[in-house]
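Where a number appears in this text, it was derived from the coordinates with a stated rule and is not lab data. Here the structure is a predicted model, which means the values were calculated and not measured. All Cβ positions, glycine included, derive from the backbone under ideal geometry; neighbour counts span all protein chains shown.
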Amino acid sequence: MIWTLIWSCPDDAEYDFTLWRSEENALKQACDEISDLFQNIPTLFDAQEVADVLDLIAANKYREALDTYTKYNMYHVGNGEIDCAHYWSVEERPFCDDVDDVQSAGMHCAKCTNFYPYTTPNQTDGTFVCYGCRNP
């Protein structure tokens, strides 16, 4: 098994993913990126929310920090307070040696033709349409 760290910003149709041998290292990288986001956009969350997440990171409680960030992020997105939300997830995935299997671990958007890893069909006809094309 391997661990995937997936970052996305659906409003900008941006994503990135990396593969990791351990959950802890993937979570630590996600937390490093969240810390950078707080430095680049200090008003993203209120000061106590930022402190909550950074305190968990400082205590090496990476999964809890990621979950807390996600909870706050979803709250602010739901209230329309964030224009461009940033999402991170760390998930365990099976590893295969078959190149064809690796290449099929995702889909092309039926409208813009961009490739999105780890996606599944979201249309009734079995195709995939990305967030950006569904919500122009």
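A cut-off of 5 Å between modelled amide H atoms, ignoring neighbours fewer than 5 places along the same chain, links residue 119 with 106, 107.
Taking a Cβ cut-off of under 12 Å around residue 91, the surrounding Lys, Arg, Asp and Glu residues balance to a net charge of 0, with basic ones at +1 and acidic ones at -1. All other residues whose Cβ lies under 13 angstrom from that of residue 58 are scored, Lys and Arg at +1 and Asp and Glu at -1, for a net of -2.
In deg cm²/dmol, rounded to 500, what helix-only [θ] at 222 nm does the chain give when every DSSP H run of at least 4 residues adds -39500 (n - 2.57) and the total is split over its residues? My calculation for the chain gives -12500 deg cm²/dmol from helical runs alone. Amide H to amide H distances under 5 Å link residue 130 with 110, 111, 112, where only residues 5 or more positions off or on other chains count and H is placed in the peptide plane. Length gained on full extension, residue 79 to residue 127: 14.2 nm, using 0.36 nm per residue less the C-alpha separation.
Please check the chain for the longest run free of chymotrypsin sites (Phe, Trp or Tyr not before Pro) that are loop-located per DSSP (anything but H, G, I, E, B) and have at most 15 other Cβ atoms within 10 Å. For chymotrypsin sites (Phe, Trp or Tyr not before Pro) (loop position, at most 15 other Cβ atoms within 10 Å), the longest site-free span of the chain is 1-94. With a cut-off of 13 Å between beta carbons, the residues surrounding residue 110 carry a summed charge of +1, where Lys and Arg count +1 and Asp and Glu -1. Report the residue, chosen from 90, 77, 53, that carries the largest GNM mean-square fluctuation when the chain is represented by alpha-carbon nodes joined by springs under 10 Å. Per the Cα network of the chain with a 10 Å cutoff, 77 tops the list.
Here the Karplus curve 6.51 cos²θ - 1.76 cosθ + 1.60, taken at θ = phi - 60°, turns the phi angles of region 43-56 into couplings of 9, 4, 10, 6, 4, 5, 5, 4, 4, 4, 5, 5, 5, 5 Hz, with x standing for Gly and Pro. Quick one: if the Förster radius is 41 Å, what FRET efficiency do residue 47 and residue 108 give, using the C-beta to C-beta distance and rounding to 0.05? Calculated transfer efficiency: 0.45.
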